[in-house]
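**Student:** Input: one structure, supplied below.
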Amino acid sequence: MSLLAIQVLNGLQLGLLMFLVAAGLTLVFGVMDFINLAHGVQYMMGAYLAATFIGWTGHFVIGLGMALFGIMLFGLLLERVMFRHLYARSHLDQVLATFGLILFLNQGVKMVWGAAPLSVPVPEWFQGSVLLGDGILYPVYRFVIIGSGLLMALVLWLVVEKTRLGMLVRAGASNATMLSALGVDVRKLFMVIFAFGTMLAGFAGAMAAPILSVEPGMGDQVLILAFVVIVIGGIGSIRGAFAGALLVGLIDTLARSYSVDVMRLFVGPAAARGIANGLSSMFIYLLMALVLFLRPDGLFPARGRT
Amino acid sequence: MSGPLVLSSKRSSFWPVVVLCLGLALVPVVAVLTKQGHWISLTTQMMILALAALSLDLILGIGGLLSFGHAAFIGLGAYTTGILIQEGKGDVLVALPMSLAVSGLFAFLTGIIALRTRGVVFIMITLAFGQMAYFAAQALYAYGGDDGLTLDGRSTLFGLKLLSNKIVFYYLTFACLAGCLLLLQRLSRARFGRVLLGARDNAVRMESLGYDVFRVRLMAYVLSGMMAGLAGFLLANHTEFVSPAYAAWQRSGDLIFMVIIGGVGSLWGAVGGALTYLLLEEGLSGLTEHWKVIFGPLIILFVLLTHGGIEGVVGRFRDLLDGGRHD
């Protein structure tokens, strides 16, 4: 029971991080019909910038703020130089170009920061653990991640559902051409969404930096998971991304933890960990296949999308 | 003149394939005469990559389906072969049909689900299935897990170690590539290919004409998966090593690059694309260990500056020479 509680919290935490990445990705997809494979490396850049700025300033919150600003500028720069020229292209061109960007940035961070993983200290305020009855300890920082993830989700929901900008975003996700015909400057809207999505991914990377190792290629797996989340939730749908992310986070974490125990019944501990790692990674893809088989448009398809 | 995406215009016809095949057939002869033995191995590797790119070109170029998980089939073929070799059942007569069957079955099962979707979702779902194969390979703890598996040797044929001879292996690979090239060339002109091509441009219209688009696509997907499985069989034998990295998603990206740089839908372009990729890799990694820092931007520039790959560029150039004559 206590193990289950911890695993559910871990799953929630992974799910919320996934949501931050997937939210930007799904909007960029939904509104611009643009496949940005490089969204994962933006998560990675967020983590690297956070590691660097926190190291410089020695202060978590200031470093985080600088990293967020930096990643947003970086996103705008990429949009200006490269992505803007790809919106009208075929998906094939978009996939290939952003794939090139991944190769470049993964290798680039290796050149700048080295191949060895960086570690970011957990901020002083949030060190230590909380006692959750029954003698279960859970690190404070992980609660911080869960809390800030929920906060971001709330802010995102308020912006998308309650503001004029959000209305434009939803309209864009349903039919960008129509929106443009109604006199909205869609290019500007694209830029705002893009910068915002990049910042969310960067924020997820920065928040994850103290509990994961910051290393080249760390964004690749996150990107693919975010794809799964979006497909499960329905492209262009924030609600779908939220539900999908929590589902993926929980299932992945629980499968990972329990499949080791199950495998241990059959083979030795080292082999069990190796096998369980691979098998549990497959679970969410099976989940995705099931969802797509039953509902090809995902669980919560964006309304009015053609 | 048609756009770069159209297949079976005059220039992607019979003669380039013949010239290409003759050239490849002569490589070992030249290599032995000039004592450049490593050419044989390098060209073998190139042909295996070309076969893999060719198989992707069937669904991507002709079918218009952007699969981002194609390396999975290579991995499946390679692992099937590798495991059979380790278990002492590595004879070609066992390993080859098994590799084709396993990759074909995986293509069939994933194709049933993936082909229900279109566009972006298809890209993502194939990517996810590719990852599934990748993690499955990692989970094969008894066969090396994450680190991969060094094989005891190559497949035998009727118990003979024929394939260990690199010239024999070269011609086996060559035969596979040439056979697949010819097969696809014929298929793309047959009704099967026409329906596939038609469905790429307008699936609804093909369906209203009475064709079962899903079935044709599924057949193409399975055939393509089996061809990539064949490439996997050859790869495992060539390197005498299998690793989850064969099925990694970056490999799928590399394959897409090869297909595009050679010109989407042009069958011999896939071979040219594989050659270009290998030359770039060899050349750039000679300059710096961080060659991907150059390779990545090259891909980006290539996409931004051209449409339709080298063949498309050559085609447009030729159009200029033709003085705009339409054929």
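The values are calculated or read from the model by the stated rules, or taken from the named source; none is laboratory data. Please read these numbers as outputs of a predicted model, since none were measured by experiment. In this analysis, Cβ positions are derived from the backbone assuming ideal geometry, glycine residues included, and neighbour counts consider all displayed protein chains. To get the accessible areas, we keep the full protein, side chains included, count just its heavy atoms, and leave off ligands, DNA and RNA. Shrake-Rupley method; radii C 1.70, N 1.55, O 1.52, S 1.80 Å.
**Student:** Within region A:111-151, what residues put their amide N at less than 19 Å from the label point 7 Å along the Cα-to-Cβ vector of A:Val61?
**Tutor:** Inside the label zone: A:121-128, A:140-151.
**Student:** May I pose another question? Carbon and sulfur together cover what percent of the accessible area of the protein assembly as shown at a 1.4 Å probe radius?
**Tutor:** 68 percent
**Student:** Accessible area, 1.4 Å probe, largest first: how do A:His59, B:His38 sort?
**Tutor:** Listed by decreasing accessible area, they come as B:His38, A:His59.
**Student:** While we're here: When N is the residue count of the protein assembly as shown, what does its C-alpha Rg come to as a fraction of 2.2 N^0.38 Å?
**Tutor:** Compactness ratio reported: 0.98.
**Student:** In nm, to one decimal, how far is the modelled label at A:Ser180 from the one at B:Arg205, with both set 7 Å along Cα→Cβ?
**Tutor:** Here the modelled spin labels are 2.4 nm apart.
**Student:** I've got another one for you. Can you give me the distance in nm between label points at B:Leu305 and A:Phe69, each placed 7 Å from the Cα along the Cα-to-Cβ direction?
**Tutor:** Reported label-point gap for B:Leu305 and A:Phe69 is 3.7 nm.
**Student:** For a quick check of understanding: with a 1.4 angstrom probe and all protein chains in place, what accessible area in square angstrom does A:Lys162 have, to the nearest ten?
**Tutor:** Counting only protein heavy atoms, A:Lys162 exposes about 140 Å² to solvent.
**Student:** Whole-Hz ³J(HN,Hα) for each residue in region A:27-35, computed from phi via Karplus 6.51 cos²θ - 1.76 cosθ + 1.60 with θ = phi - 60°, x for glycine and proline: what do you get?
**Tutor:** Result, rounded to whole Hz: 5, 4, 4, x, 7, 9, 6, 10, 8.
**Student:** Measuring from centroid to centroid over Cα atoms, what is the spacing of region A:178-200 and region B:235-263 in Å?
**Tutor:** Between the Cα centres of region A:178-200 and region B:235-263 lies a distance of 37 Å.
**Student:** Ranked from the most accessible area to the least, with a 1.4 Å probe and all protein chains present, what is the order of A:Asp185, A:Asp220, A:Asp134?
**Tutor:** A:Asp134, A:Asp185, A:Asp220
**Student:** Taking every alpha carbon pair in chain B, what does the distance histogram look like in 10 angstrom bins from 0, in percent?
**Tutor:** Reading upward from the zero bin: 6, 26, 35, 25, 8, 1, 0.
**Student:** Could you calculate the FRET efficiency of B:Phe158 with B:Phe192 from 1/(1 + (r/R0)^6), where r is the beta carbon distance between them and R0 is 35 Å, rounded to 0.05?
**Tutor:** Taking R0 as 35 Å, the efficiency between B:Phe158 and B:Phe192 is 0.55.
**Student:** Anyone know which of B:Ile299, B:Ile40, B:Ile85 comes out most mobile in the 10 Å Cα GNM of chain B?
**Tutor:** Result for chain B, Cα springs under 10 Å: B:Ile299 fluctuates most.
**Student:** Between B:Thr288 and A:Ile211, what is the FRET efficiency for a Förster distance of 41 Å, r being their Cβ-Cβ separation, to the nearest 0.05?
**Tutor:** 0.75
**Student:** Sticking with this structure for a sec: Using protein chains only and a probe of 1.4 angstrom, how many square angstrom of B:Cys176 are accessible, to the nearest 10?
**Tutor:** 20 Å²
**Student:** Moving to a separate point now. How far is it, in nm, from the label point at B:Leu33 to the one at A:Leu132 when both lie 7 Å from their Cα along the line to the Cβ?
**Tutor:** 7.4 nm
**Student:** Which helices pass in chain B if a helix is a full DSSP H run, must span at least 27 angstrom along its long axis by Cα, and must have mean Kyte-Doolittle hydropathy not below 0.0?
**Tutor:** B:14-33, B:38-57, B:92-114, B:119-139, B:166-189, B:213-239, B:267-287
**Student:** In debye, nearest 20: dipole of the protein assembly as shown around its Cα centre with unit charges on the Cβ of K, R (+) and D, E (-)?
**Tutor:** Using Cβ point charges on Lys, Arg, Asp and Glu, the protein assembly as shown gives about 1380 debye.
**Student:** Right, next: Name the residue from B:Ala199, A:Gly100, A:Ala276 whose Cα lies farthest towards the positive end of the charge dipole of the protein assembly as shown, charges +1 on Cβ of Lys and Arg and -1 on Cβ of Asp and Glu.
**Tutor:** Towards the positive end, the residue furthest out is B:Ala199.
**Student:** Once the whole set of protein chains is in place, how much accessible area is left on A:Met111, using a 1.4 Å probe, in Å² to the nearest 10?
**Tutor:** 100 Å²
**Student:** Still on this structure, please answer the following. Could you please tell me the mean projected area of the C-alpha convex hull for chain A, averaged over all directions and given in square nanometres to one decimal?
**Tutor:** With every direction weighted equally, the projected area is 17.3 nm².
**Student:** What does the charge dipole of chain A about its Cα centre add up to, to the nearest 20 debye, if the Cβ of each Lys and Arg holds +1 and the Cβ of each Asp and Glu holds -1?
**Tutor:** 540 debye
**Student:** Largest first, what is the accessible-area ranking of B:Met226, B:Met98 with a 1.4 Å probe?
**Tutor:** These residues rank, largest area first, as B:Met98, B:Met226.
**Student:** About the Cα centre of chain B, how large is the charge dipole given +1 on each Lys and Arg Cβ and -1 on each Asp and Glu Cβ? Please answer in debye to the nearest 20.
**Tutor:** Using Cβ point charges on Lys, Arg, Asp and Glu, chain B gives about 920 debye.
**Student:** Which is farthest toward the positive dipole end of the protein assembly as shown among B:His290, B:Leu58, A:Pro139, measuring Cα position about the Cα centre, with Cβ charges +1 (Lys, Arg) and -1 (Asp, Glu)?
**Tutor:** Farthest towards the positive end: B:Leu58.
**Student:** How much length would be gained if the chain were fully extended between B:Leu105 and B:Asp147, taking 0.36 nm per residue of separation minus their Cα-Cα distance, in nm to one decimal?
**Tutor:** Stretched out fully, the B:Leu105 to B:Asp147 stretch lengthens by 12.5 nm.
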